[in-house]
Ligand code: FES
């Protein structure tokens, strides 16, 4: 299955938008380096629409109490409800439990259009 | 369109409508109104952190269509919650933020705000949607004044409870008993919901994650305080609903209180039954924010509580830790589901209408 989502400039780096692939709601994310990723638009926890959340960063794991280092800006998809986070460059793995992953879909750019495949 | 996969009655025991000061001004007399307009008075806030989520305290998708704060628009609440989930009833527990009863001074202002809030709630919510039932707001620091407000709005057919904040005061003290006497007189339950309690003994924890994890300790303090101060011995018809503390702490609390009662009951001779029995008879706990539990784990907690009647479903809409009626709890047997999603709440709120006919 194939779905043309939008023109590639319609999603700015660091933003996302919802779409459908057949009957499947998907969220297409664009990281700050301009790459596109697509996932099922449904949180693994209680099913919230992820596209209503935010693309943000993470705080780097550290051994030093009180040390904050903001990393992966624009690569973490945070759910609009209970704020569970998914690493979009790491196959949609949940940060807290990386063995749980969002279903991901292939994205290509064809004639400047964002196309999602199943 | 209701998305009912299951024909289930839902009585949602925690829905937050939200007011802004400008909404409230028309309901305030002077000088109170002028203290806000001229002197820019705002309620005191204490919490040193924010909720590190997408939209602070709110579900990010609950911002109203015109960009207003979540919970300010009845139409949108109907669409996103009441119609979408197929609610039978919902109990509004909005409160000002913090509650007038949380104020550390100027209780007269607290009382004026509580009255204005009650009038605003009745006119804009309770009388506009038949599914919504409300909470009487009071400034409980002055119980006599609070009783006058309960007498004024408590008889409204859609007011089902008196809301008290879980904060730095413990409400079991006999000083506050006139409030419970008035509650019983008007068939109102007592709902307790945390505002901004520092978790006791450690004061404010350093991080929000600690504060939010330990909220049930603040709820436990209130339940212990109400029971051991004899509130339920004195007011045998009183129902207490502990809102937004979950229920998994309850088996521990019941067991601990019983053991202490066996050893120390002579200190509180006005308490005449085992604490666990009093809790089973009088206190209800709302589910949200529920931990992810398997059916087996869920049933272990129910077994340890010794009752299927104590847990009531709540969404906490529109807050970030909202629990979905179809996703939050594990599958349970049909009779228990009916109790948790509706009938336990119906029993805890005597003013809610009894069920009509079969399932909707
Ligand atoms: S539904 Fe996404 S974090 Fe709970």
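All of the numbers you see were taken from the coordinates with simple rules; none came from a lab. Since the model is a prediction, treat every value here as computed from it, not as a measurement. Reconstructed Cβ throughout: ideal geometry from the backbone, glycine too, with neighbour counts over all protein chains shown.
Tabulated results
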read-out	value
Computed over region B:1-126, the ratio Rg/Rh where both radii use C-alpha atoms and Rh is Kirkwood	1.01
Chain B: Cα Rg divided by the 2.2 N^0.38 Å rule of thumb	0.95
Sites residue B:50 and residue B:119 - FRET efficiency at Förster radius 25 Å, r taken between beta-carbons, to 0.05	0.20
Overall dimensions of region B:47-204 as given by Cα atoms, namely Rg and Dmax in Å	16.5, 47
With eigenvalues of the C-alpha gyration tensor scaled by 5 and rooted, region B:165-233, Å	26, 12, 9
Cα-only radius of gyration and Dmax that characterise region B:13-74, units Å	14.5, 39
Segment residue B:265-residue B:252, extension gain: residue separation times 0.36 nm, minus the distance between their alpha carbons	2.8 nm
Extension reserve of the residue A:68-residue A:100 stretch, reckoned as 0.36 nm per residue once the Cα distance is removed	9.0 nm
Computed helical MRE - 222 nm, chain B, DSSP H runs ≥ 4 contributing -39500 (n - 2.57), nearest 500	-9000 deg cm²/dmol
Three principal axis lengths of region B:262-345 [C-alpha, angstrom, descending]	46, 28, 22
Mean projected area (nm²) of the alpha-carbon convex hull when chain A is viewed from all directions	7.5 nm²
Length-normalised contact order of chain A in % [C-alpha pairs under 8 Å, at least 6 apart]	27 percent
Label-point separation, residue B:20 to residue B:208 (7 Å along Cα→Cβ), nm	2.2 nm
Taking the convex hull of Cα positions in region B:86-164, its mean projected area over all directions (nm²)	4.9 nm²
Inter-chain shielding of A:73-85 (mean C-beta neighbours from other protein chains, 10 Å cut-off)	4
For the protein assembly as shown, the fraction of alpha-carbon pairs in successive 10 Å shells from zero, as %	4, 18, 27, 25, 16, 7, 2, 0, 0
Cα-Cα separations in region B:192-282 greater than 18 Å, expressed as whole percent	47 percent
Region A:62-114, relative contact order [Cα under 8 Å, separation at least 6], %	18 percent
Distance in nm between pseudo-label sites at residue B:326 and residue A:90 (7 Å out along the Cβ direction from Cα)	3.2 nm
